[in-house]
Amino acid sequence: MQFLTLSRRRTDAFPPEAFTPDLVAREGRRVKELYAAGILRQVWRRSDQPGAAILWEAASEAEVRAAVDSLPIAQAGMLELVALVPLEPYPAFSQQ
């Protein structure tokens, strides 16, 4: 099953210098690990505010939440999960 998450960095509660190069690098490494594992399918950087839109492939919402919780910025309490949406195939593309 696929899921879409929208997240944002908590820049209202943390100053820009809190997002250190080391933290951002660890975040990038973890994203690559999740991609290699097949749970993270696609990731985009949001252009409206600091954060990401991620397409996940997982058996359950709980699995996606655990993956998000494994991100270093989330572990630091500096990430807000704005939306977690389960996705279904678009019916117009199904075989008839």
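Data overview
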item	result
Number of positions in region 32-58 that are of a type in the set (Val, Ile, Thr) and either open to solvent by 30 Å² or more (accessible area, probe 1.4 Å) or part of a helix (DSSP H, G or I) (or both)	1
Criterion: surrounded by fewer than 16 Cβ atoms within 10 Å (Cβ to Cβ), modelled with pLDDT of 95 or more and of a type outside the set (A, V, I, L, M) - qualifying residue of Arg8, Arg29	Arg29
Single residue of region 78-93 satisfying the filter (closer than 22 Å to Glu57 by Cβ and part of a loop (DSSP other than H, G, I, E, B)) that is farthest from the chain's Cα centre (by Cα)	Tyr90
Pick from region 59-77, criterion over 13 Å from the mean Cα position of the chain (by Cα) and touching a residue at least 24 places away in the same chain (Cβ under 8 Å), ranking: least open to solvent (accessible area, probe 1.4 Å)	Gly77
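The values are calculated or read from the model by the stated rules, or taken from the named source; none is laboratory data. Everything numeric here is computed off the predicted structure, so don't read it as measured data. Note that we place each Cβ from the backbone using ideal geometry, even for glycine, and neighbour counts take in every protein chain shown. All accessible areas refer to the heavy atoms of the entire protein, side chains included, with ligands and DNA or RNA removed. Shrake-Rupley method; radii C 1.70, N 1.55, O 1.52, S 1.80 Å.
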